[in-house]
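Okay, structure first, notes after.
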Amino acid sequence: MDNLEKKEFKKYILLISYAIVFYYVVTNLNKVLGVVGTAFGILSPFIIGFALAFILNKPFVFFRDKALKVLIDKKKKKERVGLRSGLAILIVYVLVALLLVILSSFVIPQLVTSISGLVDYIPQYSKNLFDMIDNVVDKFIINETMLDTIQKASTTIISTMKTVLSGAVPAIVSFVSNFASNVINIAIAVIVSIYLLIDKDHLIYQYRLIIKAFFSEKKAKRILEVSDLTAKTFSDFIGGQIIDAIIIGVLCSIGLAVLKIPYALLIGTIVGFTNIIPYFGPWIGSIPSVLILFMVRPFYALIFIVFVIVLQQVDGNIIYPHVVGNSVGLGALFVTFSIIVGGGLFGLLGMILGVPTFAVCYTLLKEKAYKNLKKKNITKI
């Protein structure tokens with residue numbers, strides 16, 4: 001058997017092996033998912049630690065390489081990387097701890113109070129809403145069918161909001177309780193994230209070493225290029241989106257408080273949280289906020305609509321370009337497509353991660369297309 005036949009034989013063996021594995025996975029999907037779920041449960045502290053390190057990497061690098069640059073001994077030409085890394089880790093986690101203290105002592109109690117108060121006042125707000133509808137009916141000619149439709153829609157919306165808000169307080173309490181009860185796993189995740197950040201450069205070196213050791217030079221180069229592209233795209237996008245969401249949430253809460261709009265903190269939290277989702281996020285968060293304020297007083301809803309439009313203009317033209325920039329390099333159509341597909345497949349997480357995932361695939365496809373055009377000597381399309 002010559003070399004060509006051996007290569008063909010190996011291809012067929014691999015194809016058959018893949019088909020057998022695929023058939024087993026499909027026919028035993030519940031068992032496979034159970035094993036995967038168990039594995040994720042065991043590895044959850046490490047997965048959370050990796051995610052935490054990935055999110056905190058940008059502030060860590062900022063403090064290590066920029067804010068603490070004064071620790072470089074220029075005379076002896078020693079950079080003191082270890083000292084700067086340790087101090088950067090300390091600063092980042094002190095800031096995280098302060099944020100958690102603020103959330104647990106001020107933000108979360110205020111949210112619970114706001115939601116509880118809103119649920120208690122919903123019957124009164126709904127009565128005010130129906131009285132307003134009756135006044136509109138008296139002033140304008142509206143047929144009974146249209147009036148019945150409006151009342152049914154209003155009742156459904158109010159009922160849904162009451163159900164969602166009633167379940168929000170137990171969900172917040174449950175989240176805090178679960179957070180406290182999983183102290184060991186959280187502690188392990190924090191330790192893992194610290195080790196990952198401190199040994200980041202060494203781990204990257206080991207990864208590159210393994211890739212170069214087990215793959216040909218050409219394949220290793222390509223794998224490392226794709227890895228670098230993926231890491232940069234995800235880091236820039238996710239880090240930027242989180243920072244942008246926090247800024248918008250804080251500005252929204254402060255702005256509504258200055259305008260004396262009720263439930264400023266609650267609405268600012270909703271708008272900030274949904275702002276993590278590109279394009280659609282601000283409007284997704286604005287819809288329930290408008291409904292809440294409309295029930296309280298329609299004028300508040302109108303003020304909020306104007307305010308959020310101004311805020312989104314400031315975000316889109318000033319804040320977002322500086323914080324996130326053009327980290328994904330996708331047009332509006334492709335961003336919309338990736339959000340819809342990602343959300344349909346994996347929910348909220350898919351809506352967030354779908355954009356950088358599609359951006360990586362799009363960049364690789366574009367590079368491949370240009371290479372093929374160059375090989376064919378095509379310069380004009």
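None of the figures in this text is laboratory data; all of them are computed from the coordinates on show. It should be emphasised that the depicted structure is a prediction, and the values quoted were computed from it without experimental measurement. Every residue, glycine as well, gets a Cβ built from its backbone with ideal geometry; the counts of neighbours run over all protein chains shown.
Data table
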{"read-out": "About the Cα centre, charge dipole magnitude for region 215-369 (Lys/Arg +1, Asp/Glu -1 at Cβ), debye", "value": "180 debye"}
{"read-out": "Restraint check, Lys212/Lys375; Lys66/Lys232; Lys66/Lys200, Cα-Cα greater than 23 Å", "value": "Lys212/Lys375"}
{"read-out": "Separation in nanometres of the label points that stand 7 Å from Cα toward Cβ, at Ser104 and Lys376", "value": "6.1 nm"}
{"read-out": "Order of Lys232, Lys374 - criterion: other Cβ atoms within 10 Å of each residue's Cβ, fewest first", "value": "Lys374, Lys232"}
{"read-out": "Ascending count of other beta-carbon atoms within 10 Å, so fewest first, for Thr38, Thr363", "value": "Thr38, Thr363"}
